[in-house]
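Below is one structure; the comments refer to it alone.
The values are calculated or read from the model by the stated rules, or taken from the named source; none is laboratory data. If you're wondering where the values come from, they're calculated on a predicted model, not measured in any experiment. Cβ placement follows ideal geometry from the backbone for every residue including glycine, while neighbour counts extend to all protein chains displayed.
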Amino acid sequence: GAGVSQSPSNKVTEKGKDVELRCDPISGHTALYWYRQRLGQGLEFLIYFQGNSAPDKSGLPSDRFSAERTGESVSTLTIQRTQQEDSAVYLCASSLWTGGTGELFFGEGSRLTVL
Amino acid sequence: GDSVTQMEGPVTLSEEACLTINCTYTATGYPSLFWYVQYPGEGLQLLLKATKADDKGSNKGFEATYRKETTSFHLEKGSVQVSDSAVYFCALKDNFNKFYFGSGTKLNVKP
């Protein structure tokens, strides 16, 4: 596709359930990022994939959060045993590896509501 | 580690007023600098960028100059419009392709 695609766009779940969020980056983009944006807040870094390198997981808030990416394609962010504080918009973004000059392209986000 | 600090909002201005949103950064190495904008109900999109010291990024009447000596990248516009109401994020990209974002500054422009 032309842009970064995320699904679902909206997800309502009950506390304690697991959720999976999907991100399709722009074709050819080697870097993929997940951010969390709580209502009225800034962007909270979660995880970063760059090509075949080990991902930078330093932003994952707890072991309930995990993410995978196969090669340079789709990524899934999984939240296990969801809590109300997980309610937020989860943003995915991708970029080319350009040695520092390339921009990030964001998806529309997946809005997660945990009841 | 690298970081970005930007002025807290909200910033409320009347139409045609002059805008400055301050952004300073801390980085080891030679980052690229960006301003992203998030209009109400929309996703983040790139507003402008600068990739080296003294570069000026510009778009839609907005400008920002990469100042290495003051580690700053302040966003400016001479005359804001109601349609500029949005949240503005300053960001840096380090030499490892990792992005760091500021906390965002909400701009409200009144007619």
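Numbers below:
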{"quantity": "Selection status of residue B:80, of a type outside the set (Ser, Thr, Tyr), touching a residue at least 24 places away in the same chain (Cβ under 8 Å) and in a strand (DSSP E or B)", "calculated": "no"}
{"quantity": "Which listed residue, of A:17, A:11, is of a type outside the set (Val, Ile, Thr), in a loop (DSSP other than H, G, I, E, B) and touching a Lys or Arg at 6+ places or on another chain (Cβ under 9 Å)", "calculated": "A:17"}
{"quantity": "Options A:46, A:112: the member that is in a strand (DSSP E or B) and within 14 Å of chain B (Cβ to nearest Cβ)", "calculated": "A:46"}
{"quantity": "Residue satisfying all of: in the stretch A:59-79; among the polar types (S, T, N, Q) and touching a residue at least 12 places away in the same chain (Cβ under 8 Å); farthest from the other protein chains (Cβ to nearest Cβ) among these", "calculated": "A:78"}
{"quantity": "Selection within the stretch B:17-41 - within 12 Å of chain A (Cβ to nearest Cβ) and surrounded by 12 or more Cβ atoms within 10 Å (Cβ to Cβ)", "calculated": "B:27, B:30, B:31, B:32, B:33, B:34, B:35, B:36, B:37, B:38"}
{"quantity": "Filter pass, residue B:27 being hydrophobic (A, V, I, L, M, F, W, C) and under 17 Å from residue A:95 (Cα atoms)", "calculated": "no"}
{"quantity": "Meets criteria (touching a strand residue (DSSP E or B) at 6+ places or on another chain (Cβ under 6 Å) and either away from chain B (no Cβ under 14 Å) or aliphatic (A, V, I, L, M) (or both)) for residue A:36", "calculated": "no"}
{"quantity": "Close pairs (7 angstrom Cβ cut-off, 6 or more residues apart or separate chains): within 13 Å of residue A:114 (Cα to Cα) and assigned to a loop (DSSP other than H, G, I, E, B) in the stretch A:80-97, modelled with pLDDT of 95 or more and basic (Lys, Arg) anywhere", "calculated": "A:80/A:64; A:81/A:64; A:82/A:15; A:82/A:17; A:83/A:15"}
{"quantity": "Matching residues, the stretch B:9-43, being more than 12 Å from the chain's Cα centre (by Cα) and either free of Cβ contacts under 8 Å to residues at least 12 places away in the same chain or part of a strand (DSSP E or B) (or both)", "calculated": "B:11, B:12, B:13, B:14, B:26, B:32, B:41, B:42, B:43"}
{"quantity": "Checklist (1) touching a residue at least 60 places away in the same chain (Cβ under 8 Å); (2) assigned to a loop (DSSP other than H, G, I, E, B); (3) at negative phi; (4) surrounded by fewer than 13 Cβ atoms within 10 Å (Cβ to Cβ) applied to residue B:69, failing item", "calculated": "(1)"}
